[in-house]
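One structure is given here, and the rest of the page talks about it.
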Ligand code: SR1
Ligand code: MG
């Protein structure tokens, strides 16, 4: 691409504009006229092209200068691609094989050329279709633990970590989306909100709950002002691609430094929403499939804890909880690790509850519920999800284990709130 002024690609112009790139030539061959191009972006923000030739295939992802979901009335900086690129490179180092390989990055064009994961499909699609993915919870728990630990001053040298915090601090507008849509808008009648009409009484009572708003705002303060580790920032079942036996994490353009419990909490919320929506998607296999989803949540948290403890013992090379203070004094740091994990767990549960709220009450809903066209079926399922979200936010400290969390989900799955 010789030009430097940003110009959005389309399926017609892409081959000519990218034909000269060595990375594409290596993957696809030299004859760009033989490349086939499809635009497949179904997310809220970006253009995504699958480019294929007889030789191979790549994904070309390009940021648009506005929110695709809303249109050009909501401008959004192109520089988010720069943060996505930097997040992907860090994730690849911290959990090798967990994210697609990058072939090329063009900052001016806000464009990343990366590995086409095939035959992977978006995990949310598989969850709605009732398909299982072997090892999913363990993969997610390992990924979240490695990101949390290896992106923090438990592992990183302080100067490196502080330089990275400074780098990601330039990503301003994207976290602002989360600060508004996730933490704030669900709790008042914000302009872009929408919800299933039958939920009106539940929404009224939720927005009248001062304690709930206070705790949600305290979690926003934590999200906005904590720099514990580099977050994916938007880890949900639409940010994971899977085949039946393997998964990969994609789309870290919401990356920022933040609290360690954020990503795993958001992800757990999306599994819980998959769980609560299942009565509308399944037949006789409902109970079996719901049980599997809950097992994914349990595996995810259990593996997170195991991996985090392992890293604590083997990779604690940063300035936090240094071995000089504990092991070198002949003292155990196990109780310190317990306390750090407890903090992550209770943060994660509160972030989880907030994500469960925003996906039903704010702007960007998810297909688990949204694809249920009959609102008289959808609303009672969303109500269970919203009410469990409130319980998590207000009583996170009463839950101690992943099984406590899944037992709570089972209890809410039996209740009628409308
Ligand atoms: C305006 S962007 C809406 C949502 O899409 C992204 O995937 C994030 O989840 C964001 O909150
Ligand atoms: Mg995304």
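Bear in mind these aren't lab numbers, they're just calculated from the coordinates by the rules spelled out. Since the structure is predicted, the reported quantities are computational estimates derived from the model, not experimental observations. All Cβ positions, even for glycine, are placed from backbone atoms using ideal geometry, and neighbour counts span all protein chains on display.
Mean sequence separation of contacting Cα pairs (under 8 Å, at least six apart), scaled by the length of region 14-115, corresponds to a relative contact order of 21 percent.
For the chain, the relative contact order works out to 18 percent when only alpha carbon pairs closer than 8 Å and six or more residues apart are counted.
Remark: the chain is approximated by an ellipsoid whose semi-axes, taken from the C-alpha gyration tensor as √(5λ), come to 33, 28, 21 Å, largest first.
Neighbour counts of C-beta atoms inside 10 Å place 89, 406 in the sequence 89, 406, starting with the fewest. Here the Kirkwood formula, the inverse mean of 1/r across different C-alpha pairs, assigns region 159-298 a hydrodynamic radius of 17.4 Å.
With neighbour counts taken as other beta-carbon atoms within 10 Å, the residues 345, 292 rank, fewest first, as 292, 345.
Please list 188-197, 297-306 highest first by mean number of surrounding beta-carbon atoms within 10 Å per residue.
297-306, 188-197
In terms of its alpha-carbon gyration tensor, region 181-244 comes out oblate; a/c meets the 1.5 threshold, while b/c is at least as large as a/b. Taking only the C-alpha atoms of region 276-344, the Rg (one decimal) and the largest Cα-Cα distance, Dmax (whole number), read 19.0, 59 Å.
For the chain, the mean residue ellipticity at 222 nm estimated from helices alone is -15500 deg cm²/dmol, where every DSSP H run of n ≥ 4 contributes -39500 (n - 2.57) and the total is divided by all residues, rounded to the nearest 500.
Give the order of 349, 69, 21 when sorted by the count of other beta carbons within 10 angstrom, beginning with the fewest.
69, 21, 349
Please state the shape class of region 142-214: rounded when a/c is under 1.5, otherwise prolate if a/b exceeds b/c and oblate if not, all from the C-alpha gyration tensor. Prolate is the answer for region 142-214, as a/c is 1.5 or above and a/b outweighs b/c. Across 25, 174, 264, mean-square fluctuation computed from a Gaussian network of the chain (C-alpha pairs under 10 Å connected) peaks at 25. Remark: spin-label model distance residue 13-residue 129 equals 3.4 nm, labels positioned 7 Å along the Cα→Cβ axis. Our note on the geometry: Cα centres of region 204-250 and region 358-418, 15 Å apart. For region 14-115, the Kirkwood radius over C-alpha pairs fed into Stokes-Einstein at 10 °C and 1.306 mPa s yields D = 111 µm² per second. The packing ranking of peptides 126-135, 139-148, 244-253, highest mean first, is 139-148, 244-253, 126-135, where packing means the average number of other beta carbon atoms within 10 angstrom of each residue. Note on the chain: with a GNM built from Cα contacts shorter than 10 Å, the maximum mean-square fluctuation among 295, 73, 152 falls on 73.
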